[in-house]
Amino acid sequence: MADPRFFDNRGPFSLGQLAEIGLADLHEAADPALMISDVAPLSTAGQGEVSFLDNPKYVAQFRESRAQACIIAPKFAGKAPEGMALLLSANPYKSYALIAQAFYPRPEFAEGVAQGACVAASASLGQGTHVAAGAWIGEGVEIGPQSYIGPNSVIGDHVKIGSHGWIAAQVSISHALIGDRVSIHPGARIGQDGFGFAPDPAGFVKVPQLGRVIIQDDCDIGANTTIDRGTGPDTVIGEGSWIDNLVQIGHNVKIGRRCIIAALAGLSGSVEVEDFVQIGGQSGFAGHLRVGSGAQIAAQAGVMRDVAPGQRMVGTPAVPAKQFFREVAMISRLADRKRQTDE
């Protein structure tokens, strides 16, 4: 059970309700009226709790689980413990996510401006929006309905945020246009100067950063991530893309739709990432590269050249995955041969 000091459980729900919420089907033996009070992992779930099985690695744990109900793919139904109620789903992890959201939705907030917040007279706040204590909302800001601005966050002049936005504590946003249903986690920095300068023996000369940051609908921006505004072209984060904590997005970068970028990745200026790309943690990109649609970049990869659509890249400098593992195998064979010779 989640710690009630931090999480508010909205259950119980009937099994029939959970099937509807999770886009799942009830197994023929399951009672739709059975009441479920919480979600829990397979290893700890018990009476009144629902769990899920998504990875075949945990089938043995599933066989021994005491969960009263479980979300599974139909092919695992025959491996369930006796008496366990089953919800059948083609995507058990997604079904679990939807059900867990029902038990533990995002905290509600009351409309209004808390004492200690500062909102410019020319700012516009949509119906149902809440501005927490210590927040600062600049001139000409537009914030859509049902949005939340967290404590001590700073929304710079003329920034636009769409409906159902969630801006957590200590976020700063400037020079940005942000779509609907965008979440930005604590400490993120959006729209600050890009790292643009002209080199000169007498000292670097700052290049004014005259672009914006455009974040489209349904994006999620992690804690302490930074997204620099463009030099002249805009920096763009495409619809439905999710960026983890501690990611650096340089000026003029363009991220396509439904991309995933894991923690500690860094994208240099003017990198273009097409749709559905997956970028592993601690990977780095030289500037002015193009990464094709559906490409996968392994963790700690150092990308120094364009990546073709659908290609998997590994290593530093990054090369196609098959080439990388062939080279690793060859080095291993050479090392074995040298060891045998020395013996």
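Summary table below
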{"quantity": "Test: residue in the stretch 64-85 that is under 30 Å from residue 142 (Cβ atoms) and not in a helix (DSSP H, G or I)", "calculated": "no"}
{"quantity": "Residue count, the stretch 95-131 (criterion: outside any loop (DSSP other than H, G, I, E, B), over 26 Å from the mean Cα position of the chain (by Cα) and surrounded by fewer than 16 Cβ atoms within 10 Å (Cβ to Cβ))", "calculated": "3"}
{"quantity": "Total residues in the stretch 299-322, condition within 17 Å of the chain's Cα centre (by Cα) and buried (at least 18 other Cβ atoms within 10 Å of the Cβ)", "calculated": "0"}
{"quantity": "Flag for residue 47 being in a helix (DSSP H, G or I) and at negative phi", "calculated": "no"}
{"quantity": "Output for the stretch 49-94, where each listed residue is touching a strand residue (DSSP E or B) at 6+ places or on another chain (Cβ under 8 Å), surrounded by fewer than 16 Cβ atoms within 10 Å (Cβ to Cβ) and under 19 Å from residue 32 (Cβ atoms)", "calculated": "74, 77"}
{"quantity": "Matching residues, the stretch 325-343, being among the acidic types (Asp, Glu) and assigned to a helix (DSSP H, G or I)", "calculated": "327, 336, 342"}
{"quantity": "In the stretch 52-70, the residues that are touching a residue at least 24 places away in the same chain (Cβ under 8 Å) and under 29 Å from the mean Cα position of the chain (by Cα)", "calculated": "52, 53, 54, 67, 69, 70"}
{"quantity": "Qualifying position, being outside any loop (DSSP other than H, G, I, E, B) and out of contact with any Phe, Trp or Tyr (no Cβ under 9 Å at 6 or more places or on another chain), among 33, 19", "calculated": "19"}
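Bear in mind these aren't lab numbers, they're just calculated from the coordinates by the rules spelled out. Nothing here was measured: the structure is a model prediction, and the numbers come from that model. Virtual Cβ from ideal backbone geometry, glycine too; neighbours counted across all protein chains shown.
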